[in-house]
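**Student:** Once you've had a glance at the structure underneath, I'll fire off some questions.
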Amino acid sequence: MKTHLDPLMKVISIGILLMILICSCESKKIEPLPLIKEGYIQVPGGNVWYRIVGADKPGIPLLTIHGGPGAPHDYLEPLESLAGERPVIFYDQLGCGFSDKPADTTLWTVQRFTDELKAVRTELNLDRVHLLGTSWGTMLSVEYLLRHKPEGIISLILSGPYLSTPRWVADQQAWIAQLPQNIQDTIRKYEENGDFASASYQEAMNYFYRQHLCRMDPWPDCVNRAFEKLGVQVYEYMWGPSEFTMTGTLECADLTGRLGEISIPTLFTCGEFDEATPATTGYYQSLISGAEIHVFSDASHMHQLEKQEEYLQVVRSFLRRSEN
């Protein structure tokens, strides 16, 4: 039996439901996605592509500097998670990724790459900025500091540091000595005859990479994309045919004698099985007054992917402490 109260009860029920929904939405406070900006910057030798995630955030920006030479930014994508409080900037160095790929090998010098970094920073108005380099990007970051002596660098993060070719090569040879004997023999054979395109050499190289470059199985899509867009010419010209075979122009690069000149807050990171070994990374740390170090267990060169949450926590904490 219906009564005159039924319509009133419906109105009350709907009102209560709406209040519940409003309170639920307010308690969750869904954050808007960070603003993303992309474009190109003219640098010595051509144009380089950049991407800013969190362009609308008020914090001091973080400028990331990828490795290689010639390994584009893709594998650094986890760092986008830091864009909730600050702009996070990626760029592909000339010769790889979305940037121009000139064939002129005279462009592949450390000096030009530091000039390129300076141009990126100037164009994006990064007066105050944190630098985060990985692998070759650590060499480039330190060279930039030493050659240009820039102001406004708040802190420096060096992940999987490559700061000395002699030490890097020695560390890779030590890792190779721990591989199965047939893999060792294959690497030695093709290093002697120079046939680096051989399928056997490539298989041995991939075995090494899955131990010391990225231990994830399967590799994340961002790693595969980085390899697909690799700047092969610049990598082979400056470094060589693989991570452990040096034939390029960086053969004598060694910044260990000048690391003591760095006076800004510095954080080193590496993986337990990193190409940049914990021992070598610790040695670099000892040369910079007050520098910190974090070693990620059961991880390798791409520890920012293998231990993503831990890496982000370590970096986020360091950035905040550096600003204080």
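The values are calculated or read from the model by the stated rules, or taken from the named source; none is laboratory data. Note that this is a predicted model, so its numbers are computed, not measured. With ideal geometry, Cβ positions are generated from the backbone for all residues, glycine too; neighbour counts draw on all protein chains shown. Just the protein is used for accessible areas: all its heavy atoms, side chains included, with ligands, DNA and RNA removed. Shrake-Rupley method; radii C 1.70, N 1.55, O 1.52, S 1.80 Å.
**Student:** Just order 231-240, 284-293 by mean Cβ neighbour count inside 10 Å, highest at the front, would you?
**Tutor:** Highest-to-lowest ranking by the protection proxy: 231-240, 284-293.
**Student:** Okay, next question. Got a sec to turn the phi values of segment 206-216 into Karplus ³J(HN,Hα) couplings, 6.51 cos²θ - 1.76 cosθ + 1.60 with θ = phi - 60°, whole Hz, x for Gly and Pro?
**Tutor:** 5, 4, 4, 4, 6, 9, 10, 9, 8, 8, 6
**Student:** Another question, if that's okay. Mind checking the full-extension length gain between residue 286 and residue 272? Use 0.36 nm per residue of separation minus the Cα-Cα distance, one decimal, nm.
**Tutor:** Full extension of this stretch gives 3.2 nm more.
**Student:** Let me ask something additional. For segment 115-251, with all protein chains present and a 1.4 Å probe, just round the carbon and sulfur fraction of the accessible area to a whole percent.
**Tutor:** Carbon with sulfur: 47 percent of the solvent-accessible area.
**Student:** Could you give the length gained on full extension between residue 309 and residue 146, defined as 0.36 nm per residue of separation minus the Cα-Cα distance, in nm?
**Tutor:** 55.5 nm
**Student:** Counting only residues 5 or more places away or on other chains, whose amide H sits under 5 Å from the amide H of residue 65 once H atoms are built in the peptide plane?
**Tutor:** Counting only residues 5 or more places away or on other chains, the set is 132, 133, 134.
**Student:** Using the alpha-carbon centroid of each, what span in Å lies between segment 98-155 and segment 271-304?
**Tutor:** 22
**Student:** Rank 33, 126 by accessible area, highest first, at a 1.4 Å probe radius?
**Tutor:** 33, 126
**Student:** For every helix of n ≥ 4 consecutive DSSP H residues, a contribution of -39,500 (n - 2.57) applies; sum these over the chain, divide by its total residues, and give [θ] at 222 nm rounded to the nearest 500 deg cm²/dmol.
**Tutor:** Result for the chain: -13000 deg cm²/dmol, rounded to the nearest 500.
**Student:** Among the listed pairs 57/229; 229/307; 37/229, which are separated by more than 27 Å between their Cα atoms?
**Tutor:** Beyond 27 Å between Cα atoms: 57/229.
**Student:** Take the Cβ-Cβ distance between residue 123 and residue 317 as r, set R0 to 41 Å, and report the resulting FRET efficiency rounded to the nearest 0.05.
**Tutor:** 0.85
**Student:** Helix 165-176 against the longest principal axis of the chain: what's the angle in degrees, Cα atoms only, rounded to the nearest 10?
**Tutor:** That helix lies at roughly 80 degrees to the long axis.
**Student:** Can you work out ³J(HN,Hα) from phi for every residue in segment 224-234, in order, using Karplus 6.51 cos²θ - 1.76 cosθ + 1.60 and θ = phi - 60°, giving whole Hz and x for Gly and Pro?
**Tutor:** Per-residue couplings from phi come out as 4, 5, 4, 5, 5, 9, 4, x, 4, 4, 5 Hz.
**Student:** Considering only protein heavy atoms, what per residue accessible area in square angstrom results for segment 132-279 with a 1.4 angstrom probe?
**Tutor:** Value for segment 132-279: 41 Å² per residue.
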